[in-house]
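First up is the structure itself, then whatever we jot down about it.
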Amino acid sequence: MNIKHLPLILASASPRRKQLLTDAGYKFTVVVSQIDESVFPTENIAPAEYARQLAFAKANDVADKCPGSIVIGADTVVDFEGQIIGKPRDAKHAEEITRMLFSKLHKVITGLALIYKSRNLKIVEAETTIVYPKKLTDAQIASHIKSGIWRNKAGAYSIRDNDPFVDHIDGSMTNVMGMPMELFKKLLF
């Protein structure tokens, strides 16, 4: 599907998703989904399926209001030994998550949904990247928590180039940032 002349809508308030799409040259508008993520249970579901479900729900919510546009929904979770790790509730929870995730490798999974209601098109996929962390000191963890950059971030962190907390990754860097651009481009064309 070539979407060159079709309107795109991002169903997310994520600044990183907006930046990644903008940097890649896409023209789009933002209409934030109004779904309540807390009604989606995390028990007895694979992390990738959970991410796909939330991405679809977000895109579908906005697509119902904008059937003539291609709506992009995304949701990122961290899979730590099969346990779904979302956004921390508070600083104490962020510290618990940080200590856990930066002790062993973990997976970052982003569900990606594209919905174009007027053509009855629904595509839902997920991308997985393995993150190999560096062992953090207590001082590094305390500094991270004090910085507040963990707020609204799945896994309580936000990766960047030459990240001091990450040894290396296996997979897509943009996936860890919350928008798997390689998968997105593949699904669009």
When you scan segment 147-159, do you find a residue that is part of a loop (DSSP other than H, G, I, E, B), under 18 Å from Lys58 (Cβ atoms) and in contact (Cβ under 8 Å) with a residue 12 or more places away in the chain, even just one?
yes
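Residues checked against (1) farther than 18 Å from Met100 by Cβ; (2) surrounded by 16 or more Cβ atoms within 10 Å (Cβ to Cβ); (3) under 14 Å from the mean Cα position of the chain (by Cα):
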site: Glu125; (1), (2), (3): yes, yes, yes
site: Asp167; (1), (2), (3): no, no, no
site: Asp170; (1), (2), (3): yes, no, no
site: Met177; (1), (2), (3): yes, yes, yes
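If I filter segment 127-146 down to residues being polar (S, T, N, Q) and in a strand (DSSP E or B), which single residue comes out as surrounded by the fewest Cβ atoms within 10 Å (Cβ to Cβ)?
Step one: of segment 127-146, the residues polar (S, T, N, Q) are 128-129, 137, 140, 143.
Imposing the further condition that a residue be in a strand (DSSP E or B) reduces the set to 128-129.
Details: Thr128: 17, Thr129: 20.
Restricting to residues being polar (S, T, N, Q) and in a strand (DSSP E or B), the top hit is Thr128.
Quick grid of which residues meet (1) basic (Lys, Arg); (2) buried (at least 20 other Cβ atoms within 10 Å of the Cβ); (3) under 16 Å from the mean Cα position of the chain (by Cα); (4) assigned to a strand (DSSP E or B):
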| site | (1), (2), (3), (4) |
| --- | --- |
| Glu43 | no, no, no, no |
| Arg52 | yes, yes, yes, no |
| Ala59 | no, yes, yes, no |
| Val62 | no, yes, no, no |
| Val77 | no, yes, yes, yes |
| Arg89 | yes, no, no, no |
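Applying the selection to segment 10-29, what residues are assigned to a strand (DSSP E or B) and either among the acidic types (Asp, Glu) or surrounded by fewer than 16 Cβ atoms within 10 Å (Cβ to Cβ) (or both)? Steps first, please.
Keep residues of segment 10-29 that are assigned to a strand (DSSP E or B), which gives 10, 29.
Within segment 10-29, Thr29 is the sole residue that qualifies.
Every number in this text was worked out from the coordinates using simple rules, so none of it is lab data. Bear in mind the structure is a predicted one, so any value in this text is a computation, not a measurement. Cβ coordinates were reconstructed from backbone atoms using ideal geometry, including for glycine residues, and neighbour counts include every protein chain displayed.
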